[in-house]
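Below is one structure, written out as structure tokens; the observations come after it.
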Amino acid sequence: TGHTPKGIPNYTAKAQREQSNRKASIKAIILYPMNALVDDQMTRLRKAIDSEKAEEFYAESCSNHRIFFGQYNGATPISSEINIQAKHNELREKIHELQLYWNNIQTITSNGTLSQDEIEDIIYTSQKIGGSELLTRFDMQETPPDIFITNYSMLNIMLMRDREDSIFAKTREWLEEDKENNIFHLIVDELHLNRGSSGTELALLLR
């Protein structure tokens with residue numbers, strides 16, 4: 001993996017879905033107008049499908065199959081335009097930041113002063129390592145998550161360039177495997193805001 005920046009643990013990037021034998025494809029897109037409006041939805045998703053109770057359900061009832069999800073926007077690491085060395089360094093930094101955050105959470109939540117609801121409010125506002133949430137662009141390009149969360153601008157960019165073609169190609173393959181039972185869902189958040197020219201742009205984008 002090359003040189004590891006000082007103070008950052010060695011980290012080798014690998015696909016989170018490599019142990020899953022389900023076909024990787026998008027089953028649903030959650031589309032939102034801007035990043036600020038998706039934080040609450042991400043917290044709810046983490047609590048619903050990436051919590052300790054969800055892990056128990058996957059193990060007991062789903063043969064350890066899980067629902068994968070991922071947020072894909074300008075802040076998602078990492079761009080394929082930068083070189084391989086820089087990519088590994090950025091990934092290490094991202095993982096290091098997440099690990100430091102979780103270390104802080106353990107300190108805060110173990111002092112016995114917070115209620116269970118308050119603890120959950122802290123835990124599910126951030127990503128975690130090794131769960132159901134895909135953290136990087138290359139993960140989602142290679143093995144698309146079941147639930148794909150993005151905004152209008154990012155989706156528009158994705159449809160105009162080649163590097164995300166695999167995401168749509170794998171989803172198309174999954175749909176064609178069983179046209180009766182494999183159903184694609186599109187969830188448009190804050191739909192009532194899309195009127196006039198912005199509504200027209202969104203309609204054309206979806207078509």
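The values are calculated or read from the model by the stated rules, or taken from the named source; none is laboratory data. Quick caveat, the model's predicted, so the values are computed rather than measured. In this analysis, Cβ positions are derived from the backbone assuming ideal geometry, glycine residues included, and neighbour counts consider all displayed protein chains. Surface accessibility is based on the protein's heavy atoms, side chains included, excluding ligands, DNA and RNA. Shrake-Rupley method; radii C 1.70, N 1.55, O 1.52, S 1.80 Å.
Values computed for the structure shown
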read-out	value
Qualifying residue in the stretch 97-115 (condition: in contact with a helix residue (DSSP H, G or I) (Cβ under 8 Å, 6 or more places away or on another chain), among the polar types (S, T, N, Q) and in contact (Cβ under 8 Å) with a residue 24 or more places away in the chain)	no
Flag if residue 135 is among the aliphatic types (A, V, I, L, M), closer than 24 Å to residue 56 by Cβ and out of contact with any Cys (no Cβ under 6 Å at 6 or more places or on another chain)	yes
Filter pass, residue 195 being under 22 Å from residue 38 (Cα atoms), among the basic types (Lys, Arg), more than 17 Å from the chain's Cα centre (by Cα) and open to solvent by 100 Å² or more (accessible area, probe 1.4 Å)	yes
Any hit, the stretch 63-73, residues being surrounded by fewer than 16 Cβ atoms within 10 Å (Cβ to Cβ), more than 25 Å from residue 172 (Cβ to Cβ) and modelled with pLDDT of 80 or more	yes
Residues of the stretch 20-44 that turn out to be in a helix (DSSP H, G or I) and not hydroxyl-bearing (Ser, Thr, Tyr), as a count	8
Number of the exception - residue 120 against (1) touching a strand residue (DSSP E or B) at 6+ places or on another chain (Cβ under 8 Å); (2) farther than 17 Å from residue 25 by Cα; (3) assigned to a helix (DSSP H, G or I)	(1)
Some residue of the stretch 79-86 being within 18 Å of the chain's Cα centre (by Cα), within 28 Å of residue 206 (Cβ to Cβ), of a type outside the set (Asp, Glu) and buried (at least 18 other Cβ atoms within 10 Å of the Cβ)	no
All positions within the stretch 150-189 that are in contact with a strand residue (DSSP E or B) (Cβ under 6 Å, 6 or more places away or on another chain) and hydrophobic (A, V, I, L, M, F, W, C)	186, 187, 188
Those residues of the stretch 131-148 which are open to solvent by less than 30 Å² (accessible area, probe 1.4 Å), among the acidic types (Asp, Glu) and either more than 19 Å from residue 35 (Cβ to Cβ) or free of Cβ contacts under 8 Å to residues at least 60 places away in the same chain (or both), in sequence order	139, 146
All positions within the stretch 174-192 that are loosely packed, with under 13 Cβ neighbours inside 10 Å and not in a loop (DSSP other than H, G, I, E, B)	176, 177, 185, 186, 191, 192
Test: residue in the stretch 157-171 that is more than 30 Å from residue 93 (Cα to Cα), more than 15 Å from the chain's Cα centre (by Cα) and crowded, with 18+ Cβ neighbours inside 10 Å	yes
Test: residue 128 is assigned to a loop (DSSP other than H, G, I, E, B), within 23 Å of residue 73 (Cβ to Cβ), open to solvent by 40 Å² or more (accessible area, probe 1.4 Å) and of a type in the set (D, E, K, R)	yes
Which listed residue is in contact (Cβ under 8 Å) with a residue 40 or more places away in the chain and more than 22 Å from residue 75 (Cβ to Cβ), from 173, 190	173
